[in-house]
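Colleague: Submitted below is the structure of interest, expressed as structure tokens.
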Amino acid sequence: MPLQNRVDPFGSIHAVADRGAMMGNRGGRIHDPATKTLNRRFASRRWICCVCEFRGRHREVMGQHYTELFFLDEVTAFAAGHRPCAECQRADFMRFTDAWRAVIGVKSRRIADAMDVVLHDERCVSGQGAIAISREDAVRLPDGSMIAVGNNAYGLKNGAALGWSFDGYAKPAKLTELDGELLLLTPPCIVKAFECGYRANWHPSAEQ
């Protein structure tokens, strides 16, 4: 029986067998160690995205400590409102904070705390929710942004929309082929970081 620890671009957590390429957490333990079931959506504002292997460390998944969550890729983690870990993703964290400082203007030395405050207000799960956008606005979104039509999520890359699933991305489609209201899933502050040059990592299935 799969554990409920796989995150979709909307920020919801599901029980799916495949873990994906990235790991992360939501600031602590959000599960009951005895039953290994979730009892809340997040523990704090510190939602991070990590690599699955780091310095040979091994953990019991959903043990006594923080709740390990898994994502298809970094693009998915960003859409759900997570940011790079300052330890295992140090280089990406520094690139992300450089982009953040350039577009948000935060000068605080405790940059991670400042980012987490803004992100918490913009995530679909904890903040303002998905934002309705026009197709004209969608065309201008940078690569790595994720949008939705109904319950279907799409990653934007090279001007096309790639249908998202827990297993990977579908073949690219034109934005004009998407029928219905478009919603922006990726928090606007992360979209701005993309606009400033940060490049999120994609699952191999996106290389089509």
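Colleague: Kindly provide the trypsin sites (Lys or Arg not before Pro) of region 1-103 that DSSP labels as loop, not H, G, I, E or B, and whose Cβ sees at most 14 other Cβ atoms within 10 Å. Provide the component values of the computation, followed by the final result.
Modeller: Numbers: sites: ARG6, ARG19, ARG26, ARG29, LYS36, ARG40, ARG41, ARG45, ARG46, ARG55, ARG57, ARG59, ARG90, ARG95, ARG101; in loops: ARG19, ARG29, LYS36, ARG40, ARG41, ARG45, ARG46, ARG55, ARG57, ARG59.
Answer in residue order: ARG40, ARG41, ARG55, ARG57, ARG59.
Colleague: Taking the chain as a Gaussian network, Cα atoms linked when under 10 Å apart, which of LEU156, LEU119, LEU38 shows the biggest mean-square fluctuation?
Modeller: LEU38
Colleague: What accessible area per residue comes out for the chain, rounded to a whole number of Å², with a 1.4 Å probe? Let's see the in-between values first.
Modeller: Working: 10150 Å² over 208 residues.
With the other protein chains kept in place, the chain gives 49 Å² per residue.
Colleague: Mind putting a number on the dipole of region 102-184 about its Cα centre? Charges go on the C-beta only, +1 for Lys and Arg and -1 for Asp and Glu, and I need it in Debye to the nearest 20. Please report the intermediate quantities before stating the final value.
Modeller: Values: 9 positive and 11 negative charges, 66 e Å.
With Lys and Arg at +1 and Asp and Glu at -1, about 320 debye.
Colleague: Shifting gears a bit: Taking every DSSP beta bridge with both residues inside the chain, roughly what % is antiparallel (nearest 5)? Walk me through the numbers on the way to the answer.
Modeller: Details: 30 of 33 bridges.
Of those bridges, close to 90 percent are antiparallel.
Colleague: What residue among SER145, THR37, LEU72 has its Cα farthest toward the positive end of the dipole of the chain, where the charges are +1 on Lys, Arg and -1 on Asp, Glu, each on the Cβ?
Modeller: With unit charges placed on the Cβ atoms, the residue in question is THR37.
Colleague: For the chain, what relative contact order do you get, as a whole percent, if you take Cα pairs closer than 8 Å and at least 6 residues apart?
Modeller: Relative contact order of the chain: 21 percent.
Colleague: Could you name the aspartates and glutamates in cross-link range of LYS157, using Cα to Cα under 19 Å and dropping any fewer than eight places away on the same chain?
Modeller: The qualifying aspartates and glutamates are ASP8, ASP73, GLU74, GLU136, ASP137, ASP143, ASP167, GLU177, ASP179, GLU195, GLU207.
Colleague: Quick one: putting +1 on the C-beta of Lys and Arg, -1 on the C-beta of Asp and Glu, what dipole do you get for the chain around its Cα centre, in Debye to the nearest 20?
Modeller: So the dipole magnitude of the chain works out to roughly 740 debye.
Colleague: Given only helices, namely DSSP H runs of n ≥ 4 each adding -39500 (n - 2.57), what is the per-residue ellipticity at 222 nm of the chain, to the nearest 500 deg cm²/dmol? Please list the in-between numbers first.
Modeller: Details: 5 runs with 47 residues, N = 208.
It comes out at -6500 deg cm²/dmol, rounded to the nearest 500.
Colleague: Okay, next question. Decide, for region 1-68, between rounded, prolate and oblate: order the square roots of the alpha carbon gyration tensor eigenvalues as a ≥ b ≥ c, take rounded if a/c falls under 1.5, and otherwise choose prolate if a/b is larger than b/c, else oblate. Write down the numbers at each step before the final one.
Modeller: Working: a/c = 1.17, a/b = 1.13, b/c = 1.03.
Rounded shape, in that the Cα axes give a/c under 1.5.
Colleague: Same structure, new question: Which of the three applies to region 156-207, rounded, prolate or oblate, going by the alpha-carbon gyration tensor with a ≥ b ≥ c and a/c under 1.5 meaning rounded?
Modeller: It is oblate, given that a/c is not under 1.5 and a/b is not larger than b/c.
Colleague: In region 19-107, what chymotrypsin sites (Phe, Trp or Tyr not before Pro) fall in a loop by DSSP, with at most 14 other Cβ atoms inside 10 Å? Could the numbers behind the result be given before it?
Modeller: Details: sites: PHE42, TRP47, PHE54, TYR66, PHE70, PHE71, PHE78, PHE93, PHE96, TRP100; in loops: PHE42, PHE54, TYR66.
When the chymotrypsin sites (Phe, Trp or Tyr not before Pro) of region 19-107 are filtered for loop state and at most 14 Cβ neighbours within 10 Å, PHE54 remain.
Colleague: Something else about it: If I model the chain as equal point scatterers sitting on the Cα atoms and use the Debye formula, what is log10 I(q)/I(0) at q = 0.13 Å⁻¹?
Modeller: Here the Debye-derived log intensity ratios amount to -0.68.
Colleague: How large is the charge dipole for region 57-109, taken about the Cα centre, if only the Cβ atoms of Lys, Arg (+1) and Asp, Glu (-1) carry charge, to the nearest 20 debye?
Modeller: Working: 8 positive and 7 negative charges, 74 e Å.
Approximately 360 debye in magnitude.
Colleague: If you roll a 1.4 Å probe over the chain with all protein chains in place, what percent of the accessible area is carbon or sulfur? Please list the in-between numbers first.
Modeller: Details: 5000 of 10150 Å².
Reported share for carbon and sulfur atoms: 49 percent.
Colleague: With springs only between Cα atoms under 10 Å apart, run a GNM on the chain and tell me which of HIS31, HIS58, HIS120 wobbles the most.
Modeller: Residue with maximal mean-square fluctuation among HIS31, HIS58, HIS120: HIS58.
Colleague: Moving on to the next point. Cβ under 15 Å from GLN208's Cβ, GLN208 left aside: what net charge do those residues give with Lys, Arg +1 and Asp, Glu -1?
Modeller: Numbers: positive: LYS157, LYS171, LYS174; negative: ASP73, ASP143, ASP167, GLU207.
It works out to a net charge of -1.
Colleague: Report the longest stretch of the chain that contains none of the GluC sites (Glu not before Pro) sitting in a DSSP loop with at most 15 other Cβ atoms within 10 Å.
Modeller: Working: sites that count: GLU53, GLU60, GLU87, GLU181, GLU207.
That gives 88-180 as the longest site-free run.
Colleague: If I require 15 Å or longer along the helix axis, counting alpha carbons, and a Kyte-Doolittle average no lower than -0.5, what helices from the chain are left? Use full DSSP H segments. Mind showing how you got there, number by number?
Modeller: Numbers: long enough: 90-104 (20 Å, -0.03); 111-122 (17 Å, 0.42).
What comes out of the filter, once short or polar helices are dropped, is 90-104, 111-122.
The values are calculated or read from the model by the stated rules, or taken from the named source; none is laboratory data. Just so you know, these numbers come straight off a predicted model, no measurement behind them. Backbone-built Cβ (ideal geometry, glycine too); neighbour counts: all protein chains shown. In case anyone asks, the SASA skips ligands and DNA or RNA and just uses the protein heavy atoms, side chains included. Shrake-Rupley method; radii C 1.70, N 1.55, O 1.52, S 1.80 Å.
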